[in-house]
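The values are calculated or read from the model by the stated rules, or taken from the named source; none is laboratory data. Because the structure is a prediction, the values reported are computed rather than measured. Positions of Cβ are backbone-derived with ideal geometry, glycine not excepted, and every protein chain shown enters the neighbour counts.
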Amino acid sequence: MMTYFEQELRKIVGGEHPDATFVGRACYVRLNDMTRAKIQFIACGVSSHYDALRLTILNRTEGDVDNLVLHFKDILGSKQVGNPNFRNGISPYIWDDGGKMEWYVYHPNARDFQKLSDAVSDYLEVFQEQAQTADPQWQQTM
């Protein structure tokens, strides 16, 4: 059975990386022979509010290489909703309500998931091997 976090991660990562491996709140993406990316939902302020993704680049022999936290509010901004309790909008997050997971008040749409996917892909591209091009300054691979 697919967990809620896996379902949401697939919306963010699955299109660009269909071979990703999903485990709990995280997924792993193979970038090259020695490098993997771990992408996981994390709670930054309140323990039950998953409001960001942590991206960790792992080298198979050297361990952690780099990491980045992508806050949903930084990528998606504050979202206006019809709920009068949130007149100034709400920053998106997944709420753990006693084991029941769901987006709290605002549910991201396809455009929102694409923005998250693009941000993840932009970061991962930094660590993927670069193809050689006609431009001499880009011939070196990572």
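Tabulated data
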item	result
Subset of the stretch 62-71 (residues that are over 11 Å from the mean Cα position of the chain (by Cα) and among the aliphatic types (A, V, I, L, M))	V65
Residue match in the stretch 89-102 (condition: in contact (Cβ under 8 Å) with a residue 60 or more places away in the chain, of a type outside the set (G, A, S) and either in contact with a Cys (Cβ under 8 Å, 6 or more places away or on another chain) or crowded, with 16+ Cβ neighbours inside 10 Å (or both))	yes
Residue tally, condition assigned to a strand (DSSP E or B) and either over 11 Å from the mean Cα position of the chain (by Cα) or within 15 Å of E125 (Cα to Cα) (or both), over the stretch 43-61	8
Test: residue in the stretch 107-120 that is touching a helix residue (DSSP H, G or I) at 6+ places or on another chain (Cβ under 9 Å), closer than 22 Å to T21 by Cα and among the hydroxyl-bearing types (S, T, Y)	yes
Of all residues in the stretch 24-42 being in a strand (DSSP E or B) and over 13 Å from the mean Cα position of the chain (by Cα), the one that is surrounded by the fewest Cβ atoms within 10 Å (Cβ to Cβ)	R30
Residue check, P108 surrounded by 17 or more Cβ atoms within 10 Å (Cβ to Cβ), in contact with a Phe, Trp or Tyr (Cβ under 7 Å, 6 or more places away or on another chain) and not basic (K, R)	no
Boolean, D64 is under 24 Å from E129 (Cβ atoms), part of a loop (DSSP other than H, G, I, E, B) and of a type in the set (D, E)	no
Identity of the residue in the stretch 76-134, of a type in the set (D, E) and under 22 Å from V13 (Cα atoms), that ends up farthest from the chain's Cα centre (by Cα)	E129
Inter-residue pairs, beta-carbon under 6 Å, first charged (D, E, K, R) and in the stretch 48-59, second not in a loop (DSSP other than H, G, I, E, B), 6+ apart	D51/F72; R54/Q40; R54/I42; R54/V69
Residue match in the stretch 67-87 (condition: surrounded by 13 or more Cβ atoms within 10 Å (Cβ to Cβ), in contact (Cβ under 8 Å) with a residue 60 or more places away in the chain and under 25 Å from V105 (Cβ atoms))	no
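To keep it simple, each residue is scored yes or no on (1) touching a Phe, Trp or Tyr at 6+ places or on another chain (Cβ under 8 Å); (2) at pLDDT 95 or above.
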{"residue": "I75", "(1), (2)": "no, yes"}
{"residue": "P84", "(1), (2)": "no, no"}
{"residue": "S121", "(1), (2)": "no, yes"}
{"residue": "T133", "(1), (2)": "no, no"}
{"residue": "M142", "(1), (2)": "yes, no"}
